[in-house]
Structures are given as C-alpha cells and as structure tokens.
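To start, the structure under review is shown below, and the notes come after it.
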Amino acid sequence: MSVVPRQRTTLYSEAVVLLGHRGAVFTATFSSDGTSLVSGGLDASVRFWRLPTDEYEPTPNYAVLEGHKSAVTSLAWKDVSTLFSTCADASVAFWDASTGERVRRGVGHSDTVNDCSARAGVCVSVADDGCVCVWDDRTKLPVRTVLSPYPVLCCDLSADGTTAYVSGIDTAVRAIDLGSGKTVWSCLAGREAVTGLAVSSDGSRAVLRLADGLVTALNVSHVVPADVSRVGPTYGGLALDAGPNLVRVCFSRDDVSVAAGSDASQTFVWNTASRRLRARFEDHRAAVLDVSFHPTENIILLCSADGDIIVRQMAD
C-alpha cells in the first residue's frame, strides 16, 4: 500500500466535509507539504485523506491505519514520513507514512494519553497518569519520563525540541528542560484547566485554551521579570462555553493567525498580534476538538465530536 498522494492545490468547494470515521474525531493535521491530511478518533483508526481538490476523486480516504486498541487522541509528524500517535489505551505509536506500517508501539504511560508534540526530531506525550514521556522511535520504552502529581492534558515543544511546555487540570503551565527533566519555570494560567496549548513556530510565544472557553496569550521566554505576568491578554470575540472536551488551539505556520475550536461547535480564527477576531465558522453540529492550518495555503482543517472533518478555504 502506498500512502503518498499526488500533488494537489485548490479546494473544489469553499468547505468540504470528509466522512469515514465512526464517532468523534479527536485529532487532525495536515502533512508537511499540505497534499494530504491525517485524522484519528474514537473508532481507533488513523485515516489518511487527499487534500480535496477534485470533487470526483475516487479515493479521498486513501489509507486507514489500524493497530490502536482504543481511541486515537492526538497526532503529530516526527518528520515528513513518520507519524506519531497517542491512544486512550495508554500507548503511543510510530507509523511509516509511505507504507502504512506501524514502526513501533511505545509503552510507558498507565492511563489515557491525551496529547503529543513533535519538533526537531523530538517526540513527547502527556497523559492522565501525570507523566510527560519523551520518545525515540527506535525503542519501546520512553527515553525520559517526568512525573507530575496531576493529569496532564496538553503539551507542545519549543522550536528546537529542548523544552516541553505542559499543562492540565491543576491550571499550571510548566516549562520542562528535556535534558535534565527539571522544571525551568511555571505559572498559573487561570482558574480553569488548560485543554489546549500551542507554541509558535519560532518558539517566541504560546497560546492557551482554557476549559471555560477562553483563549489567552502566554510569554514563554526563559526569563521574565518577577513583576511581569507570563499570562497575557485574552483573544476577543469569544463567548464562554465551558464543556468536558479537550479542545485544542493552534498557530498558522507563519504565526500570523491563531485558531481554536469550542464546545459550542464553533471555530474561531484571530490575528495573532492584534488578537482581533478574523473569522468564525459554524460548520459542525457538536464540539470542534482540533484545528490545523495548511502549511502554504489559506486553508483550515477542523474536526469534531460529530464525526465530521471539514477542510475550509478562508478569505485572504
């Protein structure tokens, strides 16, 4: 089986719905070149899709990877050909995207793995067991494990892969040096659990999505004056929509825009610098759980608890 699609460019419709998952779709992201996208969800499958540029494409969902025993909770690209996935069965996996083969199943968590991140060849995962695990696709066990007393819900890595930023139900954001395993700094994000965390591609800033629906800026500089808060202003145009879901947030590849889903079935896109609302989409019938920007085009990817994946063209 080959999972390398042919080159495509423009969507055939302003918003295209991709159907195939049975149940909620928890995670979705574009490939590094934007010619395809990958998704995972409640049905335990990882699905590869062609970028929908041809309405009559015979195989939009051109590959289905099976191997997880429970819901696929998060996906990240380790490199152009290796996909990293996490699962509610407490495992992680590495997949060869060119063949569809599972390269490695990793075990190290003892509870649901909630999120993962991969940058500069470094892969991390966080889970309800409070562990932050660092992985190498050549080994079954994590190469480093950092313990936390509380469930960890979300994570991202610095641009060079040396620092992991993690948060969870205790509302604290921690920066962990992956070389030493020590916490470099920590701060309280607010009164609610942090469900989503994203670091800009240049590593200069981050955004958080809280369980009450707020999206806020975060200063991730190594050194901040003692009288200056790391937590910045919130992004505008949001209505509070507290819910039980782990709703994520992301930056565009050029860091110009920020997007977040919501428990109220809406998707929000802001200008990063001004924090002004750029777009609001109401395409789904249930919570929007994950969002991803296309690497080169003005296209956004949304997935939802309603089981739908939507690829949408955005206005310039």
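The values are calculated or read from the model by the stated rules, or taken from the named source; none is laboratory data. Everything numeric here is computed off the predicted structure, so don't read it as measured data. Cβ sites come from the backbone with ideal geometry, for glycine too, and all protein chains shown count toward neighbours.
Some notes on this structure:
- Among the residues of region 282-301, those that are out of contact with any Gly (no Cβ under 7 Å at 6 or more places or on another chain) and within 17 Å of V247 (Cβ to Cβ) comprise E282, D283, H284, R285, A286, S292, F293, I300, L301.
- Checking A120, A189 one by one, the residue that is closer than 27 Å to G232 by Cβ, exposed (fewer than 15 other Cβ atoms within 10 Å of the Cβ) and in contact (Cβ under 8 Å) with a residue 24 or more places away in the chain is A120 and no other.
- The residue list Y165, Y150 contains one member that is aromatic (F, W, Y) and over 21 Å from F251 (Cα atoms), which is Y150.
- When region 35-50 is filtered for residues that are more than 20 Å from D79 (Cβ to Cβ) and among the aliphatic types (A, V, I, L, M), the ones remaining, listed by number, are L42, A44.
- On inspection, G243 passes the criterion of being out of contact with any strand residue (DSSP E or B) (no Cβ under 7 Å at 6 or more places or on another chain) and either without any contact (Cβ under 8 Å) to a residue 40 or more places away in the chain or closer than 25 Å to C87 by Cα (or both).
- Residue list for region 245-268, filter: more than 15 Å from the chain's Cα centre (by Cα) and either surrounded by 21 or more Cβ atoms within 10 Å (Cβ to Cβ) or modelled with pLDDT under 95 (or both): D263, A264, S265, Q266, F268
- Only one of D137, D129 that is touching a Ser or Thr at 6+ places or on another chain (Cβ under 6 Å), crowded, with 18+ Cβ neighbours inside 10 Å and of a type in the set (D, E, K, R): D129
- If only residues of region 287-316 that are among the aliphatic types (A, V, I, L, M), modelled with pLDDT of 95 or more and part of a loop (DSSP other than H, G, I, E, B) are counted, the one that is nearest to G232 (Cα to Cα) is A287.
- Tabulated pairs, region 11-37, first acidic (D, E), second not in a loop (DSSP other than H, G, I, E, B), C-beta under 9 angstrom, 6+ apart or interchain: E14/R312; E14/Q313
- Contact map, region 257-269: first residue assigned to a strand (DSSP E or B), second residue of a type in the set (D, E), Cβ cut-off under 9 Å, separation 6 or more or different chains; pairs are T267/E282; T267/D283.
- Within this structure, S274 fails the test of being in contact with a Gly (Cβ under 7 Å, 6 or more places away or on another chain) and either touching a residue at least 12 places away in the same chain (Cβ under 8 Å) or more than 24 Å from V126 (Cα to Cα) (or both).
Condition check ((1) within 16 Å of the chain's Cα centre (by Cα); (2) surrounded by fewer than 24 Cβ atoms within 10 Å (Cβ to Cβ); (3) within 27 Å of A159 (Cα to Cα)) across all residues:
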site	(1), (2), (3)
A44	no, yes, no
R50	no, yes, no
T53	no, yes, no
N61	no, yes, no
E66	no, yes, no
K69	no, yes, no
T73	yes, no, yes
D79	yes, yes, yes
A90	no, yes, yes
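- Here N114 clears all of (1) touching a residue at least 60 places away in the same chain (Cβ under 8 Å); (2) not in a strand (DSSP E or B) except the condition numbered (2).
- Filter result for V207 (within 26 Å of S274 (Cβ to Cβ) and at pLDDT 95 or above): yes
- Some residue of region 224-244 being touching a Pro at 6+ places or on another chain (Cβ under 7 Å), surrounded by 17 or more Cβ atoms within 10 Å (Cβ to Cβ) and of a type outside the set (S, T, Y): no
- Filtered by the rule that a residue be β-branched (V, I, T) and within 19 Å of R312 (Cβ to Cβ), region 216-267 gives V247, V249, V256, V258, T267.
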